[in-house]
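Taking it in order: structure first as structure tokens, then the write-up.
None of the figures in this text is laboratory data; all of them are computed from the coordinates on show. The shown structure was predicted, so the numbers you read here are calculated from the model rather than taken from an experiment. Positions of Cβ are backbone-derived with ideal geometry, glycine not excepted, and every protein chain shown enters the neighbour counts.
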Amino acid sequence: MAQGPMQAYREKLHAGEIKPDNAQELAVEKLQLLHHALKSYEPKNGEKGWRARFGLGRRKDTPTPPQGLYMYGAVGRGKSMLMDLFFDGAPVATKRRVHFHEFMREVHDRLKSIREQNLDNKKDAIIVLGEQLSMEAWLLCFDEFQVTNIADAMILGRLFDFLFEKGVVVVATSNRVPDDLYKNGLKRERFLPFIDMIKNKLDVMELASPTDYRLGREGGEQTYFYPLDMDARDQLHGQFEEMTHGQSKADYVTIKSRRIDIPKVYARIAYFTFADLCLKPYGANVYLELATLYDVIFIEAIPKLSPRNRNEAERFVHLIDALYEHKVKLICSAAALPQNLYIEGDGAFEFQRTVSRLMEMQSEEYLGAEHLP
């Protein structure tokens, strides 16, 4: 990986792990150029004096940061795989790769903590957080960059303006072109300067591969049962009983002072219904914690979704994100195939990422890890 993502990509081609793809090769070339530029770049975050202390700008001798990359395209085109090749070999001592939703959850938690410690409001919490983040890592790689709520939209402009000013380099993948970020969002006009910033600071490219690499990857043991009939229910229950040796019991866990009831659990294997997890007002932090507690999670009776149950759909998206990021094995029953669970309405586009993950979570590659206790 020392020679960069191009070498790693060619090794995958040679090993037969991936197939030649002109669109991917163009993206790898751009990532390789950035890899070389990073070898001779380092932001000067160790400045002294009052200007640095108040975050009033970089010194004249601070090197110009390399232009980052914003790579967008349809699901299943290999964006995350290419970014991982770049990140793994990036010649940077302090770097971080994170799912964007998880990053924003952390941003809100840290801003709250900063404000609680700064009750006299003498310090700008966003500037304090920006200083912390820039010291922790000056290469930030964001997977699945998207903005769907006003709370995130109102923070991003000022936070990223500070990070770019401090010389942080950003690489991001997204399903949306920058101009479609926070599309039709409340007070979107206040978000537009951030879109301009993204287009100015990052090289924006579409990964226009004609191939959806999710297709054909499902083929391991059956973990997704549909439609919601007695056969699906019996198979789901049968797998759970076999995996738990018939020794499960009801239990609960406490997450952020909230009691989460678990209908059936054995060791690190838990069984829920969709209603248990998504009809209650749980936040993403609950799902992330559950993903760290269990290696295998069963979910029964995932319904077809629509704008009429948008809140439940949004919780389900957060749930699948958490399970996917922590490589939890998902075994479930649903009313339809993933691509038919949410086919129309204002949340259908964002749901395509969840479709991609539900499909990949059935693949031999994903299921190859050992999940049993």
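Quick look at the values:
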quantity: Among the listed pairs LYS123/LYS256; LYS39/LYS166; LYS112/LYS256; LYS12/LYS79; LYS123/LYS183, those beyond 20 Å (Cα-Cα); calculated: LYS123/LYS256; LYS123/LYS183
quantity: Label-point separation, THR292 to ASP179 (7 Å along Cα→Cβ), nm; calculated: 4.2 nm
quantity: Inverse of mean 1/r across different Cα pairs in the range 278-345, Kirkwood, Å; calculated: 12.5 Å
quantity: For the range 224-367, alpha-carbon Rg over 2.2 N^0.38 Å; calculated: 0.99
quantity: Exposure proxy ranking, count of Cβ atoms within 10 Å, fewest first, for TYR9, TYR70, TYR366; calculated: TYR366, TYR70, TYR9
quantity: Extension gain, ARG96 back to MET197 (0.36 nm per residue minus Cα-Cα distance, nm); calculated: 34.3 nm
quantity: Most positive-pole-ward Cα, PRO263, GLY4, PHE298, against dipole of the chain from beta carbon charges; calculated: GLY4
quantity: Where N is the number of residues in the range 5-206, Cα Rg divided by 2.2 N^0.38 Å; calculated: 1.07
quantity: Estimated FRET transfer efficiency when R0 is 51 angstrom, pair THR211-ASN311 (beta carbons, to 0.05); calculated: 0.90
quantity: Stokes-Einstein D in µm²/s, Kirkwood radius over Cα pairs - the range 100-186 at 4 °C with 1.567 mPa s viscosity; calculated: 94 µm²/s
quantity: Interatomic Cα distance distribution for the chain, bins of 20 angstrom, percent; calculated: 26, 55, 19, 1
quantity: Taking the range 291-371 and dividing mean pair separation by its residue count, relative contact order in percent (alpha carbons under 8 Å, at least six apart); calculated: 39 percent
quantity: Alpha-carbon Rg with Dmax, taken over the range 66-147, Å; calculated: 15.3, 49
quantity: Helix 5-15 vs. the chain, principal-axis angle (Cα, 0 to 90°, nearest 10); calculated: 30 degrees
